[in-house]
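Take a look at the structure set out below.
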């Protein structure tokens, strides 16, 4: 018989959105939780005891919207895979932030590209999605597609589900729908190539919105503002107004119509195959998502990063309410808006939390600047936007409910569930002391367990 692990004397938050046991204990054997109890707990001769006095015991974090954690094509743009060292670093960042299960939603990687070498399998439980439809592949090729081989281009949603894909999507993305990736990657690259000058993402975003409008539909363009913006970002001597308009149109628009069609293909596939679908949700796609939710009433649609910076606070609340009325799950992402704040601030995040419109919490990627989910939960609890149990549920039990194919056997501290457990500090929930995945101690006292 495998030995027993007992985590005792801590504050137990099981992930159901309401329960707190203080003090409480969690007992584990053979990779499963065998008991969750209030009060103190007795040990046996084969018990490995972990004293959690002063700590909170929670389910391992389930991150259902992340990028850069598989070795295949990256992002909905089908870009080249991240370097092996980068993938390992990204996985380690998630792991040491309390994440035990992660869904890589780039959409065009294959299940076989999660861990190509089983001998070096990472302890983080990584899964992939599929967005292998003609329009999504076409949109990737229109913007980049350098990571797509003939195998990726020939893949189908049905085949990928058979090989283990846990959800559909991400349908659309910042690369193919004029979002954040245009601000921090494609537009700055195009400007650097044309002028030899570098610009910050905030200026790329400002120029993009002036040229194309906030919804990419030509409404609200501000071409008269462009000369002032070029002066402000130091480009006035290097490129003309007309040339920057042409440059941004060429950088942003080629994949947009294909990507919007790709959203419709994924919605239809969600209904056909019964899996949840993750949809890029931003101002350019808000009305499209409403229409798709009405047309495909049985599709399990997840509106990703509903706090997207393209929205005003009023807009993100409006769309979240309208989508929820139509059965859509609302996800918010940490992006870099919790503590890093390089490109984004927490205004939209806070609005949606305070309005009670959030179902799940993820990181997304934010140009690799994402803040941790537990840092976001710490913010939510410290600012008293939600109770501790409700905040923890956003990244545990709620995610298991929305994505049962990914995490139906975990996400709750409950007898019979998979033993994925984090032990975090009471007064700063973002500090992870111990982490257990499938009953195995992988982080002990803040370091990788031997």
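The values are calculated or read from the model by the stated rules, or taken from the named source; none is laboratory data. Being a predicted model, the structure only gives us computed values, none of them experimental. Heads up, the Cβs are rebuilt from the backbone with ideal geometry, glycines too, and the neighbour counts pull from every protein chain shown.
Among the residues of the range 48-65, write down those that are in contact with a helix residue (DSSP H, G or I) (Cβ under 7 Å, 6 or more places away or on another chain) and either surrounded by fewer than 21 Cβ atoms within 10 Å (Cβ to Cβ) or closer than 28 Å to residue 155 by Cβ (or both). Listed by number, the residues that qualify are 62, 63, 64.
Residues that are within 20 Å of residue 160 (Cα to Cα) and more than 18 Å from the chain's Cα centre (by Cα) were ranked within the range 273-316; the one that is surrounded by the fewest Cβ atoms within 10 Å (Cβ to Cβ) is 274. Taking residue 279, is it touching a strand residue (DSSP E or B) at 6+ places or on another chain (Cβ under 8 Å), in contact (Cβ under 8 Å) with a residue 12 or more places away in the chain, within 30 Å of residue 346 (Cα to Cα) and in the same structural domain as residue 363 (by TED's automatic domain parsing)? Here the answer is yes, as residue 279 does meet what is asked. Count of the range 363-384 residues, restricted to those that are surrounded by fewer than 18 Cβ atoms within 10 Å (Cβ to Cβ), over 16 Å from residue 66 (Cβ atoms) and touching a helix residue (DSSP H, G or I) at 6+ places or on another chain (Cβ under 8 Å), is 2.
Residues satisfying the criterion are absent from the range 173-186 (criterion: more than 22 Å from the chain's Cα centre (by Cα), modelled with pLDDT under 95, crowded, with 21+ Cβ neighbours inside 10 Å and within 30 Å of residue 130 (Cβ to Cβ)).
Let me confirm something: among 348, 344, which residue is buried (at least 17 other Cβ atoms within 10 Å of the Cβ) and either in the same structural domain as residue 200 (by TED's automatic domain parsing) or at pLDDT below 95 (or both)? Exactly one residue qualifies, and that residue is 344.
Only a single item in (1) in a helix (DSSP H, G or I); (2) in contact with a helix residue (DSSP H, G or I) (Cβ under 6 Å, 6 or more places away or on another chain); (3) under 27 Å from residue 290 (Cα atoms) is not met by residue 254, and it is number (1).
State yes or no: is residue 17 more than 30 Å from residue 132 (Cα to Cα), touching a residue at least 12 places away in the same chain (Cβ under 8 Å) and touching a strand residue (DSSP E or B) at 6+ places or on another chain (Cβ under 9 Å)? Taking the combined requirement at face value, the residue does not satisfy it. When the range 217-244 is filtered for residues that are free of Cβ contacts under 8 Å to residues at least 12 places away in the same chain and over 35 Å from the mean Cα position of the chain (by Cα), the ones remaining, listed by number, are 224, 228, 231, 236, 237, 240, 242. Scanning the range 149-165 for residues that are in contact (Cβ under 8 Å) with a residue 60 or more places away in the chain and surrounded by fewer than 22 Cβ atoms within 10 Å (Cβ to Cβ) yields a total of 3.
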